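For reference, the structure discussed in these notes is given below.
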Amino acid sequence: MAVAQELYGFPASKLDSFVAQWLQPTREWKEEVLETVQTVEQFLRQENFREDRGPARDVRVLKVLKVGCFGNGTVLRSTTDVELVVFLSCFHSFQEEAKHHQAVLRLIQKRMYYCQELMDLGLSNLSVTNRVPSSLIFTIQTRETWETITVTVVPAYRALGPSCPSSEVYANLIKANGYPGNFSPSFSELQRNFVKHRPTKLKSLLRLVKHWYQQAYHPGPSRPHQQCGRRLQMGHSGSAGQPVSETGLLL
């Protein structure tokens, strides 16, 4: 990967070449990652998430959505993080999601240990995070090159749909009075589509911004470029002011 200083030395007329040479992943690598993640998606769609009591007595997966850079088509060559949002039938409101979110995460976590297909991919480091919103995170390996992939699964209430006017959805969101960011996954399809169907030029620009951010805040042993400083405030978490991952930029 080229360093940030090389990016700053590139003339504007050659930025397309820089993106293609250094930032865009190869088709083969991207297909290998997505094929591996498809095993996780199949597990989520086909597994019977049921318990004798509690909110998970009758849980159906309504939809599995790839979000972040793999979902909207702005993935960087160095990225091995994939985010999945899982819309579940047991959530009928934002309030129900907030109440039962942790229980559903623990149920999915428990069932994953019994999935042989995931074990064959080297399932490991399976844990529930304390992020906002909390999620299930684990690592698996690609079948061909055995490259480690980090997968994040976030269960969510499917708030948007043809049966519910958008004005009512946002009114319900305000009434739920949740912690900032808690219900963001419910709107992840809008976030993904906002970028997914945009021209290639815009996606290349987003790749350049994310590359610039990574070099500014995660430069490794070298120092950040003098112009990088503290300017990309959108890339920091509001609570601690700490840098977030490339996928956390929601670009």
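The values are calculated or read from the model by the stated rules, or taken from the named source; none is laboratory data. Bear in mind that the values here come from a model prediction, so they are computed numbers and not experimental data. As a convention, Cβ positions derive from the backbone with ideal geometry for all residues, glycine included, and neighbour counts pool all protein chains shown. Just the protein is used for accessible areas: all its heavy atoms, side chains included, with ligands, DNA and RNA removed. Shrake-Rupley method; radii C 1.70, N 1.55, O 1.52, S 1.80 Å.
What to note about this one:
- Figure legend. Inter-residue proximity from segment 85-111: first residues within 20 Å of Glu41 (Cα to Cα), second residues of a type in the set (Ser, Thr, Tyr) and surrounded by fewer than 22 Cβ atoms within 10 Å (Cβ to Cβ), beta-carbon distance below 6 Å, spacing 6+ or different chains. No pairs are indicated.
- Among the conditions (1) touching a strand residue (DSSP E or B) at 6+ places or on another chain (Cβ under 9 Å); (2) buried (at least 21 other Cβ atoms within 10 Å of the Cβ), Thr79 misses just one, which is (1).
- Looking only at segment 175-198, and only at residues there that are under 15 Å from Gly71 (Cα atoms) and not in a helix (DSSP H, G or I), the one that is most open to solvent (accessible area, probe 1.4 Å): His197
- Criterion applied to Glu246, Glu168 was being among the charged types (D, E, K, R), open to solvent by less than 80 Å² (accessible area, probe 1.4 Å) and at pLDDT below 85, and the one residue passing it is Glu246.
- Yes/no for Lys66 being at pLDDT 90 or above and either closer than 17 Å to Trp212 by Cα or not in a helix (DSSP H, G or I) (or both): yes
- Looking across Glu144, Glu47, Glu41, one residue alone is on the phi < 0 side of the Ramachandran plot, among the acidic types (Asp, Glu) and in contact with a Leu (Cβ under 9 Å, 6 or more places away or on another chain). It is Glu41.
- Top-ranked residue of segment 1-57 - restricted to ones that are in a loop (DSSP other than H, G, I, E, B) and out of contact with any helix residue (DSSP H, G or I) (no Cβ under 9 Å at 6 or more places or on another chain), ranked as modelled with the lowest pLDDT: Asp52
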